[in-house]
Amino acid sequence: MTEKIVLTTTASFFTTVEETGLKDEFANHGIKVVLCDDFQQPFPNEQVFAIVAGHTPKGQMVYVGPREATLFPNLKIVTPFGLGINHIDTGGLRLLGIEVKTLPDFSKRAVAELAIAFVFTLARRLVQQTRAMQGMEWKRQDGVDLFGKTLGIIGLGNIGKEVAKIGKGVGMRVMANDVIYDDEFMGTWD
């Protein structure tokens, strides 16, 4: 069996593959994940069947369109690492018969953790404390305890639900609003 390759531009993809259990699934199907941020690769192009495009380890966003796709004759799927697809020419790729898929569950936890990190940053005045310490001074900064505070969430999609879970875990009172009421999720709160 010829090895298949999933090409990723984002090193974080490896962590996500490990956390989601996809690493074993990939191995069982003869799929290898290769990090390549410039599409200059030391492997046969015909083995690449999927590209996961996002930021490179240097922080640059990798664009994928028809020109890049023609490098890989057996390319079937292109997906962003994350939620945005403005760096993927969806129309041009579809004209070539390449499916563009989003994976909304793939980075939901990471995005939710970042959102909660921002809540902590504001509540504990971390930016001001960091600046003071960089200036070689120690200033006591009063912050706000999050335990018992209300966290308001607008939109209970994949990320909103993760933010709600983390907020609840921190001891916050969670209030949320969405155009679609999710009975199953909301029933888990009490």
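The values are calculated or read from the model by the stated rules, or taken from the named source; none is laboratory data. Predicted, not measured: the structure shown is a model, and the values here were computed from it. Methodologically, a virtual Cβ is constructed for each residue, glycine included, from the backbone with ideal geometry; neighbour enumeration extends over all protein chains shown. Side chains are part of the model used for accessible areas, which takes the heavy atoms of the whole protein and leaves out ligands, DNA and RNA. Shrake-Rupley method; radii C 1.70, N 1.55, O 1.52, S 1.80 Å.
Given the residues Leu146, Leu156, Leu93, which is the only one that is among the aliphatic types (A, V, I, L, M), part of a loop (DSSP other than H, G, I, E, B) and closer than 28 Å to Gly54 by Cα? The match here is Leu156.
The residues of region 96-139 that are over 15 Å from the mean Cα position of the chain (by Cα), at negative phi and assigned to a loop (DSSP other than H, G, I, E, B), listed by number, are Leu96, Ile98, Arg124, Gly135, Glu137, Trp138, Lys139. Checking each residue in region 153-172 for being at negative phi, touching a strand residue (DSSP E or B) at 6+ places or on another chain (Cβ under 8 Å) and open to solvent by less than 60 Å² (accessible area, probe 1.4 Å) picks out Ile153, Leu156, Gly160, Val163, Ala164, Gly167, Met172. Set side by side, the residues Glu184, Glu99 differ, and just one is under 30 Å from Glu68 (Cβ atoms) and either open to solvent by 70 Å² or more (accessible area, probe 1.4 Å) or of a type outside the set (Lys, Arg) (or both), which is Glu99.
Just to confirm my filter: which helices (runs of 4 or more DSSP H) fall fully inside region 1-78 and include at least 2 residues that are modelled with pLDDT under 85, over 20 Å from Val100 (Cβ atoms) and open to solvent by 60 Å² or more (accessible area, probe 1.4 Å)? Here the list reads 12-20, 22-28.
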